[in-house]
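Everything on this sheet refers to the single structure shown next.
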Amino acid sequence: MWRNATTDPLGSDTRAGVQTYDDLHADTRTWVRNHWIDYIVPQIYWNIGFAAADYATLVDWWAGVARGTGTRLYVGEALYKAGAAGQPSQWQDPVELSRHLTLAARYPQVRGHVFFAAKEVAADPIGAMARVVADHYRQPARTPR
């Protein structure tokens with residue numbers, strides 16, 4: 001999170017996690033708004049519907065921050081949580097990440113996704129990445145320009 005709305009009215013409607021502005025001294029919102037960076041990959045590592053930091057709320061917030069700036073927005077995805085012990089039921093469902101990509105596709109500012117960690121892409125313990133590929137990556141990726 002850049003900042004929670006309870007800390008700053010410009011922040012996201014969230015109540016959890018590190019606030020990068022305060023805790024890491026990283027004013028990523030300003031970097032995007034002032035065109036100081038080419039792209040940003042916020043780590044939106046929560047599931048859809050997570051009360052303290054809903055994935056949908058954060059994608060919407062980041063899309064609003066990136067809108068009209070020219071900064072490319074890529075969403076960091078928590079593939080490592082898929083099927084992991086101790087994670088809530090949403091992460092035990094191999095469709096959760098595919099739902100993320102479906103939701104994010106509503107926002108033209110979202111240019112793609114970055115899956116953490118690479119070893120999870122290869123291991124794919126519950127088939128979450130296979131589901132993402134089947135649902136969203138049927139065609140080869142275009143070469144970046």
Region 12-22: number of residues that are in contact (Cβ under 8 Å) with a residue 24 or more places away in the chain and surrounded by fewer than 19 Cβ atoms within 10 Å (Cβ to Cβ): 4
Helices (runs of 4 or more DSSP H) wholly inside region 48-109 containing at least 3 residues that are aliphatic (A, V, I, L, M): 55-66, 96-104
Among the candidates 127, 86, residue that is at positive phi and open to solvent by 40 Å² or more (accessible area, probe 1.4 Å): 86
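The values are calculated or read from the model by the stated rules, or taken from the named source; none is laboratory data. Just so we're clear, the structure is a prediction, and the values are computed from it rather than from any experiment. Virtual Cβ from ideal backbone geometry, glycine too; neighbours counted across all protein chains shown. Just so you know, the surface numbers come from the protein's heavy atoms only, side chains and all, with ligands and any DNA or RNA stripped out. Shrake-Rupley method; radii C 1.70, N 1.55, O 1.52, S 1.80 Å.
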